[in-house]
Amino acid sequence: MQGVHVFERQAKTVIDLESFVEQDHLLRKIDRVLDTAFVRESTAACYADGLGRPSVDPEVYFRMELVAYLYGIAAERRLCEEVRYNLAYRWFCRLSLADEVPDHSSLTRIRDRLGEEVFATVFRQIVALCRKKGLVHDECRVMTDATLIAAPMPPWFTTIPNRPARRPRHCAAEPRPSIFRPAAPSRTSHIPAAPTRTPRWLRSEARHGSSSTKSIKRLTPIAASFWIPR
């Protein structure tokens with residue numbers, strides 16, 4: 001028998017967020033060892049006491065930023081959308097279904113208000129808390145190694161105009177073939193220039209010694225070419 005599902009858009013149900021987050025979920029594992037209650041004390045100096053509207057809870061803000069870091073969410077607009085629709089993100093950020101997700105503009109203002117010093121303080125306390133829980137060893141070090149290896153350059157790099165090719169000093173310069181073709185000769189280069197003709201009325205005035213002879217000498221062939229007889 002083929003089943004038929006009836007979807008009720010206006011149905012209201014009670015949802016327990018705890019039941020939607022698995023026990024082995026990454027955010028649940030982090031929440032077991034992470035206590036962000038100290039964030040309010042670290043950011044208390046950035047807010048006025050008893051003045052203005054209540055701001056976004058700093059603990060909620062830093063939990064949202066932690067979600068963005070763990071899951072590679074770079075844009076704050078996308079972060080707000082992900083927290084709004086993902087139940088596991090809501091549970092980790094302490095936001096129920098009835099709570100509104102902070103707007104992306106609020107996240108920008110909070111970041112500007114706190115500044116780098118507050119972020120550095122919160123970061124150090126989180127690292128200290130992880131070390132206390134045994135997640136970071138005292139002798140843990142980070143080592144980096146780099147090796148320079150000579151590699152040939154791609155052909156397209158050596159054929160870029162006005163860019164000298166890099167080569168070792170002991171290597172002699174060799175001519176390299178160019179992928180650019182020489183410029184083709186212009187089709188109009190063999191066409192002789194049209195002779196310029198002085199208008200008839202200017203030639204007659206020049207023969208009779210008119211007073212406009214001086215102005216005739218100053219006329220260019222281009223100006224004479226625009227003369228239209230009456």
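The values are calculated or read from the model by the stated rules, or taken from the named source; none is laboratory data. Keep in mind that this is a model prediction, so the values were computed, not measured. Because the Cβ atoms are built from the backbone with ideal geometry, glycine has one as well, and the counts that use them run over all protein chains shown. Areas reflect the complete protein model, heavy atoms only, side chains present, ligands, DNA and RNA absent. Shrake-Rupley method; radii C 1.70, N 1.55, O 1.52, S 1.80 Å.
If the condition is being open to solvent by less than 100 Å² (accessible area, probe 1.4 Å) and within 41 Å of the chain's Cα centre (by Cα), then the range 1-18 contributes Ile15, Asp16, Leu17, Glu18.
Considering Phe92, Phe119, which residue is aromatic (Phe, Trp, Tyr), surrounded by 13 or more Cβ atoms within 10 Å (Cβ to Cβ) and more than 17 Å from Ser42 (Cα to Cα)?
Step by step, each of Phe92, Phe119 is checked, and only Phe92 is aromatic (Phe, Trp, Tyr), surrounded by 13 or more Cβ atoms within 10 Å (Cβ to Cβ) and more than 17 Å from Ser42 (Cα to Cα).
Here Cys46 clears all of (1) surrounded by fewer than 15 Cβ atoms within 10 Å (Cβ to Cβ); (2) hydrophobic (A, V, I, L, M, F, W, C); (3) more than 31 Å from the chain's Cα centre (by Cα) except the condition numbered (3).
When the residues of the range 19-29 are filtered to those that are open to solvent by less than 100 Å² (accessible area, probe 1.4 Å) and among the hydrophobic types (A, V, I, L, M, F, W, C), which remaining residue is farthest from Arg94 (Cα to Cα)?
From the range 19-29, those open to solvent by less than 100 Å² (accessible area, probe 1.4 Å) are 19, 21, 25-28; that's our starting set.
Still in the running and among the hydrophobic types (A, V, I, L, M, F, W, C): 21, 26-27.
Values: Val21: 13, Leu26: 16, Leu27: 12 Å.
Only one residue fits best here, namely Leu26.
When we screen Arg53, Arg32 for residues that are under 21 Å from Asp103 (Cβ atoms), loosely packed, with under 14 Cβ neighbours inside 10 Å and without any contact (Cβ under 8 Å) to a residue 12 or more places away in the chain, the only hit is Arg53.
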